[in-house]
């Protein structure tokens with residue numbers, strides 16, 4: 001009996017296999033994703049629907065949103081995603097409405113047997129679909145005509161179990177053969193140019209299908225042709241021309257496509273005899289003619305694979321001969337020139353190109369500085385730096401997690417800002433709109449499409465302390481470290497404090513409310529006061545951007561009437577595509593005097609680095625530049641430097657005016673001055689260890 005439960009287990013196994021790679025014991029040509037076009041038995045050109053079947057306008061349409069239903073019928077297949085023979089699959093089919101998608105289970109379809117099959121071994125023949133009484137004849141290995149098959153002949157939980165196939169003979173009529181399902185296969189002639197980086201195979205097909213029975217032959221790497229293909233519903237095997245003669249192999253090789261295009265090779269690129277094989281020459285600054293190319297991944301070659309194995313290889317004619325090049329296997333043409341210095345923490349091997357080591361020698365850079373000439377980023381945000389160290393040039397990866405630090409030798413770098421692991425608020429909503437945190441802490445409710453959050457639950461999760469701000473309990477304070485804010489019941493504003501000194505009052509979208517002794521506030525205002533950003537794919541969840549600041553040397557004198565502040569921001573914690581950061585609260589930097597929040601004409605900006613490369617929705621980066629500026633009149637100025645996320649003050653370098661005001665306020669409250677003098681390392685500045693930033697502006 002064929003059990004559907006076992007098939008359902010196979011569906012789950014297939015999903016995991018698609019994530020983890022080809023599992024042991026599965027087909028030689030494992031299908032995890034797709035798309036796959038009809039190619040014989042493995043992907044049939046037509047299927048019969050045995051019951052009413054839902055159809056969908058797109059591959060990713062949810063299962064419970066079908067566009068309609070098809071009655072039982074035979075349909076023509078355009079392409080397939082997934083391994084239908086061992087689990088779930090999406091079929092793209094032709095319909096009167098145009099292409100549509102269906103997702104039948106394996107037991108809900110039938111496919112016609114092939115017109116001809118190849119017998120791999122001596123095969124007994126029977127007069128009827130039963131082995132009782134023994135065979136009436138035996139056929140030697142050969143190709144035979146198929147007259148029919150049992151219903152759903154392919155449907156089995158065990159690929160080695162047998163199905164009944166009716167064979168046409170010229171001397172005894174139509175007889176039945178009992179053949180393992182994984183050996184019901186056909187051969188088609190093909191003519192395909194491919195590249196193999198080494199090949200193992202067998203001269204006989206049966207030996208290739210059962211490699212444990214014979215030792216393989218081996219062929220050298222290179223370009224060749226596939227001349228035949230054997231397919232079952234599970235596998236494909238290929239007959240390949242080699243110097244050993246034709247060999248059957250499960251390796252499908254890498255397709256080489258004809259091309260007629262021109263490439264402009266601006267930066268240095270090696271020319272190879274074969275992809276990532278023997279280097280013939282180095283080319284740059286010329287146009288090359290492409291006559292063949294490989295666009296599918298190559299999983300082999302020198303150096304780490306992650307950079308270039310998904311990029312195209314081109315067979316080209318150059319001034320130095322014919323060979324293969326890869327635009328990512330060489331100097332990156334779109335690297336951005338910079339004038340930086342790097343302080344390397346830990347060990348770093350100097351490489352010839354990004355991800356490509358030197359072959360003859362290697363230089364290890366360890367806990368040292370180097371000049372940075374160019375910066376280049378991969379689509380996943382990985383950063384590579386072109387450096388000069390100890391008289392040698394090359395590329396090194398930039399390691400944020402090792403606390404590498406950069407200095408811009410032209411613009412200057414006064415601050416180093418490091419993102420920390422973000423606190424997360426895993427908020428979910430049930431069908432009634434009730435919000436819970438970490439699955440069991442009631443956190444609020446949704447009202448008119450906006451989340452209203454319980455501030456006590458949010459504060460406790462983020463490490464804030466809630467205290468009453470007046471005797472009547474009509475005001476509440478939330479504080480953590482030096483930052484705090486105060487809310488008043490019924491007032492649409494909040495007071496922002498740093499070290500218990502009022503910084504400013506900000507307007508809220510709506511007034512907070514008290515319910516059963518607890519405070520509630522709408523989510524947009526909560527985000528601003530706590531400095532929270534949405535996790536875009538999680539509905540109601542939020543995260544807190546957290547940062548540490550390292551203060552460098554600040555100028556004691558400026559000319560030109562404008563104070564400038566530059567910082568590198570290193571963020572490997574939230575390395576998301578820009579389209580997922582559109583609603584995030586980014587840190588902003590300001591230069592403030594007399595608590596004026598930056599003053600008139602101030603500017604604060606954050607930019608993705610390296611600058612010069614186009615930024616798209618799919619851009620991922622781990623490196624930003626924060627810049628702040630403000631005009632200053634000639635004379636002495638005591639300034640404060642402030643880093644905020646939303647309204648939350650993350651860090652502040654205090655100026656003289658701020659300290660004088662705070663001292664007076666605390667002395668009036670009877671607090672000894674010694675109890676609130678600065679103690680944190682970020683409160684200390686320059687050689688005199690003063691908490692003050694005293695700047696003199698001049699016209700010349």
Under 7 Å by Cβ, and 6 or more places apart or on different chains, what pairs join a residue from segment 355-375 that is within 16 Å of residue 343 (Cβ to Cβ) with one that is surrounded by 16 or more Cβ atoms within 10 Å (Cβ to Cβ) and modelled with pLDDT under 90? 375/610
If you check residue 450 against the conditions, is it within 33 Å of the chain's Cα centre (by Cα) and surrounded by fewer than 18 Cβ atoms within 10 Å (Cβ to Cβ)? yes
When every residue in segment 600-623 that is surrounded by 16 or more Cβ atoms within 10 Å (Cβ to Cβ) and part of a loop (DSSP other than H, G, I, E, B) is compared, the one modelled with the highest pLDDT is 622
Can you pull out every residue in segment 376-396 that is under 21 Å from residue 572 (Cβ atoms), surrounded by 15 or more Cβ atoms within 10 Å (Cβ to Cβ) and at pLDDT below 95? 376, 377, 378, 381, 382, 383, 384
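Being part of a loop (DSSP other than H, G, I, E, B), touching a helix residue (DSSP H, G or I) at 6+ places or on another chain (Cβ under 8 Å) and within 12 Å of residue 44 (Cβ to Cβ), is that true of even one residue in segment 79-90?
Initially, segment 79-90 is screened for residues part of a loop (DSSP other than H, G, I, E, B), giving 82-89.
Then keep just the ones that are touching a helix residue (DSSP H, G or I) at 6+ places or on another chain (Cβ under 8 Å); that gives 82-88.
Of the ones still in play, those that are also within 12 Å of residue 44 (Cβ to Cβ) are 84-85.
Yes - at least one qualifying residue is present in segment 79-90.
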Name every residue in segment 397-426 that is under 18 Å from residue 368 (Cβ atoms), surrounded by fewer than 15 Cβ atoms within 10 Å (Cβ to Cβ) and in contact with a strand residue (DSSP E or B) (Cβ under 8 Å, 6 or more places away or on another chain), in order of residue number. 403, 409
Filter pass, residue 323 being part of a loop (DSSP other than H, G, I, E, B), over 23 Å from the mean Cα position of the chain (by Cα) and crowded, with 19+ Cβ neighbours inside 10 Å: no
Please state which of the following conditions residue 499 fails to meet, knowing it meets all the rest: (1) more than 21 Å from residue 645 (Cα to Cα); (2) not assigned by TED's automatic domain parsing to the domain that holds residue 358. (1)
Taking segment 335-362 only, how many residues are under 26 Å from residue 274 (Cβ atoms), in contact with a strand residue (DSSP E or B) (Cβ under 7 Å, 6 or more places away or on another chain) and either assigned by TED's automatic domain parsing to the domain that holds residue 288 or crowded, with 19+ Cβ neighbours inside 10 Å (or both)? 4
For segment 101-159, give me each residue that is exposed (fewer than 13 other Cβ atoms within 10 Å of the Cβ) and closer than 30 Å to residue 56 by Cβ. 151
How many residues are buried (at least 19 other Cβ atoms within 10 Å of the Cβ), part of a loop (DSSP other than H, G, I, E, B) and at pLDDT below 90 if we restrict to segment 624-652? 1
Might you check whether a residue that is within 19 Å of residue 227 (Cα to Cα), touching a helix residue (DSSP H, G or I) at 6+ places or on another chain (Cβ under 7 Å) and in a strand (DSSP E or B) occurs anywhere in segment 250-271? no
Just to confirm my filter: which strands (runs of 3 or more DSSP E) fall fully inside segment 160-213 and include at least 3 residues that are modelled with pLDDT of 95 or more and assigned by TED's automatic domain parsing to the domain that holds residue 139? 162-169, 173-180
Check whether at least one residue in segment 226-235 is closer than 29 Å to residue 317 by Cα, in contact with a strand residue (DSSP E or B) (Cβ under 9 Å, 6 or more places away or on another chain), outside the structural domain of residue 198 (by TED's automatic domain parsing) and buried (at least 16 other Cβ atoms within 10 Å of the Cβ), and report yes or no. no
Count, please, the residues in segment 103-117 that happen to be assigned to a strand (DSSP E or B) and either under 16 Å from residue 176 (Cβ atoms) or in contact with a helix residue (DSSP H, G or I) (Cβ under 7 Å, 6 or more places away or on another chain) (or both). 1
Checking residue 658 against (1) modelled with pLDDT under 85; (2) buried (at least 17 other Cβ atoms within 10 Å of the Cβ); (3) more than 20 Å from residue 484 (Cα to Cα), only one condition comes out false. Which one? (3)
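The values are calculated or read from the model by the stated rules, or taken from the named source; none is laboratory data. Values in this document were obtained by computation on a predicted structure and should not be read as measured data. When we count neighbours, we look across all protein chains shown, and the Cβ atoms used for this are built from the backbone with ideal geometry, even at glycine.
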